[in-house]
1. Just to check, using Stokes-Einstein with a Kirkwood Rh over alpha carbon pairs, what's the diffusion coefficient of the stretch A:188-234 at 20 °C and 1.002 mPa s in µm²/s?
2. Sum up the charges of everything whose Cβ sits under 10 Å from the Cβ of residue B:23, counting Lys and Arg as +1 and Asp and Glu as -1, but leave residue B:23 out.
3. To check my understanding: the extent here is largest minus smallest coordinate of the Cα atoms along each principal axis. What are those three numbers for the stretch A:210-315, in Å, largest first?
4. Leaving out ligands, DNA and RNA but keeping every protein chain, what accessible area does residue A:18 have, in Å² rounded to the nearest 10, with a 1.4 Å probe?
5. For the stretch A:225-322, what is the charge dipole size about the Cα centre, in debye to the nearest 20, if Lys and Arg each add +1 at the Cβ and Asp and Glu each add -1 at the Cβ?
6. Roughly how big is the B-A contact, given as buried accessible area in Å² (both sides, 1.4 Å probe, nearest 100)?
7. Over the stretch B:1-135, what lengths in whole Å, largest first, do the semi-axes of the equivalent ellipsoid take, defined as the square roots of 5 times the eigenvalues of the alpha-carbon gyration tensor?
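The values are calculated or read from the model by the stated rules, or taken from the named source; none is laboratory data. Every value quoted in this text rests on a predicted model; they were computed, and no experiment measured them. Here the Cβ is made from the backbone with ideal geometry for all residues, glycine too, and neighbour counts use every protein chain on show. SASA here: full protein model, heavy atoms, side chains in, ligands and nucleic acids out. Shrake-Rupley method; radii C 1.70, N 1.55, O 1.52, S 1.80 Å.
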Amino acid sequence: MIHDPSEQISRALDDLLTDAEQRELTEWISQSPDHARQYALAVLLHDGIGSELRGQAALEESTSAPRPENVPASPRRRRWGRWFAVSLSLIVLGLLMWKGVSGTPASAAVELNRLIAANLSESDRTFRITVEEVESEPGRRARAPEPGRPPKPPMQGAVLHVRAGGQFVLIRRTEDGQAFVTGSNALTSWAVRPDGPVRVSRDLNRFNRDVPGHEYAMPLDDLQACLRSLRDAYEVRFPDPVIEGDFKQLLAIRGRKQPGPSQVEITYRPASRLIHELRFVGMPYGPERLTLRMTLETGSDLGPDYFTHSAHHSPDREVIEE
Amino acid sequence: MNEQLRQATRLWTLAQPVVSGFVASVVRDFAARDDVLQEVAVAVIESFDRYDSTRPFVGWALGIAQNQVRLYLRRLQRDRLVFDEVTVANLATAFESISSEQIQSLGFLRECLTKLDARSRKLCDLRYVQDLKPAGIADALGVSANTVAKSLQRIRDQLRECIERRSTLAGGAT
């Protein structure tokens, strides 16, 4: 007979029960639906604590390590448990839509699906964009600035904050260091220039066209869409030789008739499968092709209002709804 | 994303905490739980076209989870279950009965964790992140395993009370 069910349940959660105590607990659970429910609620909390803390730990680790070299370098291999951070909040999406891209080894395909599942995170993430190379494409016209508006600042050094559900804030700097901010809270999209009115639109795509990748269903502000596009249209494989150590990589190679970047390198934590960096080679961007990196910097909660335009300008700014 | 997939994703997002809790209640090992839960997720997606939308999704997903637990253990050829089949079924029923409000109240957990003192937070990190059991934590901290076990129970009680308080406040504010 159990004298203190709460204590016995807690000891069960910590694997402290003797065989006799385990049998007592089993019998107690089976005595009534209320007992089973009490146990279930205790486990729900216990599991929730674990998921939350492991998720925080995995995100902290993803943002703390330096960017790996692109050559295999494995001075040591760290042992990890199989923490899934907040990764199991969604499922492997690709199996319903998997078209069996030719040339993709099954193991790489499975790994990409696991990455997609692992990165379906409700946590906010912040990335730094680094442009490595800019190639002009002959014969292509430069993007014309919108009438009456100055050219937009470059992507070099831009900071991209993303939240599940297509919410993003992209912060670029003008030549004199002022912030040019565009974003969306999944209800409206908006642009906050250094001067002039704030522009807001119900068209969620109105102000994301400056984010590289949109033209090819591979927008940097939507990690999920990016990964799914790679899964559906690219040949995905492990690099040769396989990189071991704190990070692993997948390579996505574009087919000949496919638009979009010629190659995408996905660098991620092997234990949590959280993405640390995406490197796009030859990403079409207007008249140019960019080689750029999107590197995870933090996974901190940005608060409930960060993705609305009002968080990025003073209250007395004129706001124009387009 | 097509509409069916979107619907599956949405339903799984809501059900996942309960299904994860159920798997945790019957599979002790953290690593094994993650494996089983991912297999459940894959099975849910693969069979979503057979889901009868007139039935509760959580109950359907828990049924899949029960099957996946059995399959996983059969593959391992090792009994890592702590409960018999009848108790597992009773627990699945119990998890299915947990209300959406109770599941949503777990959203306060992150905030409640910030209220823990440093020592309690350290204990939680050792238990939940490092996956140490009380004996290992006791060695690390230089206290008895019984002290650790009691402390973990107090911390869980504290977190549960914090969640209940915040849920009550949030409910009163709406």
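1. Values: Rh = 11.9 Å.
The calculation lands on 181 µm²/s.
2. On the way: positive: B:33; negative: A:47, B:34, B:35, B:39.
Summing Lys/Arg as +1 and Asp/Glu as -1 gives -3.
3. 53, 37, 21
4. 70
5. Values: 13 positive and 15 negative charges, 159 e Å.
I would put it at about 760 debye.
6. Numbers: alone 10990 and 17290 Å², together 23140 Å².
Approximately 5100 Å², summed over both chains.
7. In descending order the semi-axes read 27, 21, 14 Å.
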